[in-house]
Amino acid sequence: MKQYTIKHLFFIILFLGLGFQAFSQKNLSNINQALRYSRYARLGLKILPIKTAENQFKVQFVVEKIEDNQEFNTFSFTFALLNSYTEEILSDQTSILTSEDLTIDTDRHWVFEKEFNLEQGDQNAILLFTGLDTRQGDEYHYHIDLKSPFIFDHPNFGAFYANNVGFDQTYLNTGSSLLFKSSGGPNLHSFYYPMEFEVPYPPMETKPAAVPRELQVIDEGDFLANVPKSLDKIGYYFIQSDTSKVAGLLLKTVHEAFPKVKDWEEMVQMVTYISTRKEHETLLLATDKKKALDEYWINLTRNPDTAKDLIREYFRQIEFANLLFTDFKEGWKTDKGMVYVVMGAPQEVNFGLDREVWTYGGMNESSKIRFTFARVKNILSPHYYTLNRSRAYQPVWFKNISLWRSGKMAF
């Protein structure tokens, strides 16, 4: 009887183990991409595609060296071309990128270049780029849809720094120049939008956000590709090679201090997430913004040293939100940026074709908090998301704001 029981348990354990493996197949939707938004990331990955012909792409895989003196052999880089977010990622679909594949190696970047020919009938094609830190075992991921229902089209040109590295930032400081390389004709066309956007509603506010009645657009005409172009005005630019089509490239232009705070006026705008309406109105009406802000921070904490720590931490969050989430809005004004500032970086980040889900805290499923961002098809950005708002967020939102106001929030 004892021998039978041991065998029985062995087969149960074996069965459960095989069952777990069967249900834990690695696919894009179950990969945790939280390191993409971590304040302690060592790498930043980007995929920059240029459409060279129908179903053909030239792609730069760009690795930003966030830390100084990075050594290539401490990382392992791979890519995979997938047909869906739920497709199992098999080893024979994954290609390794070695030092021999490097096309550019600078103090700030490693760059690989590859060409892809998609099948004519493909409805979805998702490119996944992975960097493994072999010292800690950390996996960095970045993906982009080459084809999907959420993509109008990709442009047949790209923006580059002077050293031919693809432009991998979410913003461009005014007065900076970029080189636009085109696989089409010699000319590109520029539209300028001098837009200022409002701060988003909090997660528990379910009424629709106000939509601007008028959208000012300035047609700046043609300019030559392959010649450095300076973008000098704050707002955003939409560059196209063919104005009769939807494909184009968005470039958000910002002040010289961005992603950091520029002045006291901007600082007043940014504290709205942790302020009461009355506090914020008082700050907006103050003639001496610096004095008003000093009083504001001291009144929150009742301690000058705590106030200094709070200011430093809060605007560090603002800076990271700007770095990570800027699109045609400054990063801190996006839905993702708002949640990031108040809640901190998520512990889990998962993507589906139509959504991105951030998960916070909790020892079990019932205690975890999830923010779901719905993907919206948008001509300006192939990966644009808005938060699914719910009144259920109110308790955790106010709890975190209270932690901020008491100086107890730490990341």
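A few notes on this one:
- Accessible-area order (highest first, 1.4 angstrom probe) of the listed residues Thr372, Thr134: Thr134, Thr372
- Cα shape, the stretch 187-344, gyration tensor, a/c 1.5 rule: prolate
- Accessible area, probe 1.4 Å, largest first, for residues Leu323, Leu224: Leu224, Leu323
- With contacts taken as Cα pairs under 8 Å and at least 6 residues apart, the chain reaches a relative contact order of 15 percent.
- Listed residue pairs exceeding 31 Å between alpha carbons, taken from Lys46/Lys399; Lys26/Lys252; Lys278/Lys333: Lys46/Lys399; Lys26/Lys252
- Residues in the stretch 165-195 that a label on Phe223 would reach, taking backbone N under 14 Å of a point 7 Å out along Cα→Cβ: 172-182, 187-193
- Accessible surface of the chain, 1.4 Å probe, proportion on carbon and sulfur as whole %: 52
- Dividing the Cα radius of gyration of the stretch 283-411 by its Kirkwood radius returns 1.02 for Rg/Rh.
- Residues of the stretch 216-246 with an amide N closer than 17 Å to a point placed 7 Å from the Cα of Phe197 along the Cα-to-Cβ direction: 216-217, 234-239.
- Cross-link partners of Lys291 among aspartates and glutamates (Cα-Cα below 16 Å; sequence separation of 8 or more within a chain): Asp263, Glu265, Glu266, Glu279, Glu281
- Ranked from largest, the principal axis spans of the Cα set of the chain equal 83, 65, 45 Å.
- Largest GNM mean-square fluctuation among Asn73, Asn156, Asn364, using the chain with Cα springs under 10 Å: Asn364.
- Tensor-based shape of the stretch 128-218 (alpha-carbon gyration tensor, a/c under 1.5 rounded, otherwise prolate or oblate): oblate
- Relative contact order for the stretch 231-286, counting Cα pairs under 8 Å that sit 6 or more residues apart, in percent: 25
- Accessible area (Å², per residue) of the stretch 36-194, counting only protein heavy atoms and a probe of 1.4 Å: 45
- Relative contact order [Cα under 8 Å, 6+ residues apart], the stretch 168-238, whole percent: 56
- Within a Gaussian network of the chain (alpha carbon springs, distance under 10 Å), most fluctuating of Asp168, Asp222, Asp145: Asp222
- Cα-projected label distance for Asn73 with Ser95, points at 7 Å along beta-carbon direction, nm: 2.5
- To the nearest 10, the accessible area of Leu285 is 150 Å² with a 1.4 Å probe.
- Here Glu64 sits with roughly 60 square angstrom of accessible surface, probe radius 1.4 Å.
- Among Ile401, Ile311, Val342 - extreme Cα towards positive end, dipole of the stretch 299-411, charges at beta-carbon: Ile401
- In the full protein context, the stretch 279-411 carries 48 Å² of accessible surface per residue, based on a 1.4 Å probe and ignoring ligands, DNA and RNA.
- Sequentially through the stretch 171-177, phi angles give Karplus couplings (6.51, -1.76, 1.60; θ = phi - 60°) of 8, 9, 5, 4, x, 7, 10 Hz, Gly and Pro residues having no value and appearing as x.
The values are calculated or read from the model by the stated rules, or taken from the named source; none is laboratory data. The model shown is predicted, which means the values in this text are computed figures rather than measured ones. Glycine also receives a Cβ, built like all others from the backbone with ideal geometry; neighbour counts cover every protein chain displayed. We work out accessible area using only protein heavy atoms, side chains counted, and drop any ligands, DNA or RNA first. Shrake-Rupley method; radii C 1.70, N 1.55, O 1.52, S 1.80 Å.
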